[in-house]
Amino acid sequence: MSNKLKLNEIVFIAIMASALGIAWWAYSFVYNLVSPFLKVFALSGLIEGFWQMSGVFFALIIRKRGSALLGAMIAAGVEGLISQWGISALVSGFCQGLPVELVFLAFGYRKFNLSICMLAGALSALGGYLVTYFWYGYNEFSLLFNILNLSSGMVSGALLGGVLSRYLALKLKDAGVLNQFAIACES
């Protein structure tokens, strides 16, 4: 099996990541309503895990290097084009996708169990928090605020980015819609 992404894999990532980018844009309306209330308690990270889904989702399905980062960047690019986030969405996509890519690379793109997916989702949240910290002025907040918000974001990343992505990918596999991808070889 080649480690290079094939055309059908790139097309799948592009289409699904575009759909995910549109879902992220729609989710940002909910986030903008709820996050100010959670931010008061340094817990807005609890609802940010949805943005950590793409890298884990695509790495789990395609199982080739570059799939996590490509999926995260395309989803972020689409969201950035149609939302208030603009270019910062691409920076976030890179910072969220790269840690996922590195986690799966560390395991040779051969292990995709729940723990590794959760680790990838949590580290994706950490990568995304770096953007938030500097770009959106979280460096002005207290250390306690940042620790609480980052921790809540990593929990959300592990659950939504890791667990939910894995659940959705496995359900799609069980439904037979991913038969042409590496995930279908898993028993």
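Counting just the residues of the range 115-140 that are free of Cβ contacts under 8 Å to residues at least 24 places away in the same chain and under 18 Å from residue 164 (Cα atoms), which one comes out surrounded by the most Cβ atoms within 10 Å (Cβ to Cβ)?
Once the filter is applied, the top-ranked residue is 116.
Please find, within the range 19-49, the residue that is surrounded by the fewest Cβ atoms within 10 Å (Cβ to Cβ) out of those that are out of contact with any Phe, Trp or Tyr (no Cβ under 6 Å at 6 or more places or on another chain) and part of a loop (DSSP other than H, G, I, E, B).
40
Checking the conditions here, which among 153, 161 is within 18 Å of the chain's Cα centre (by Cα), buried (at least 21 other Cβ atoms within 10 Å of the Cβ) and closer than 15 Å to residue 59 by Cα?
Criteria check complete, one pass: 161.
What's the number of the only condition in (1) surrounded by fewer than 24 Cβ atoms within 10 Å (Cβ to Cβ); (2) closer than 22 Å to residue 111 by Cα that residue 57 fails to meet?
If we test residue 57 against (1) surrounded by fewer than 24 Cβ atoms within 10 Å (Cβ to Cβ); (2) closer than 22 Å to residue 111 by Cα, just (1) comes out false.
With the structure loaded, tell me whether residue 112 is surrounded by fewer than 21 Cβ atoms within 10 Å (Cβ to Cβ) and either in a loop (DSSP other than H, G, I, E, B) or touching a residue at least 12 places away in the same chain (Cβ under 8 Å) (or both) or whether it fails that test.
It is false that residue 112 is surrounded by fewer than 21 Cβ atoms within 10 Å (Cβ to Cβ) and either in a loop (DSSP other than H, G, I, E, B) or touching a residue at least 12 places away in the same chain (Cβ under 8 Å) (or both).
Out of 52, 96, report the one residue that is polar (S, T, N, Q), crowded, with 24+ Cβ neighbours inside 10 Å, free of Cβ contacts under 8 Å to residues at least 60 places away in the same chain and in a helix (DSSP H, G or I).
96
Among the residues that make up the range 77-84, is at least one of them out of contact with any Leu (no Cβ under 6 Å at 6 or more places or on another chain), of a type in the set (Asp, Glu) and over 17 Å from residue 43 (Cα atoms)?
yes
Six or more apart or on different chains, Cβ atoms under 9 Å: show the pairs whose first residue is in the range 174-187 and loosely packed, with under 10 Cβ neighbours inside 10 Å and whose second is part of a helix (DSSP H, G or I).
176/184
Each value in this text was obtained by applying a stated rule to the coordinates, not by laboratory testing. All of these numbers come straight from a predicted model, not from anything done at the bench. Every residue, glycine as well, gets a Cβ built from its backbone with ideal geometry; the counts of neighbours run over all protein chains shown.
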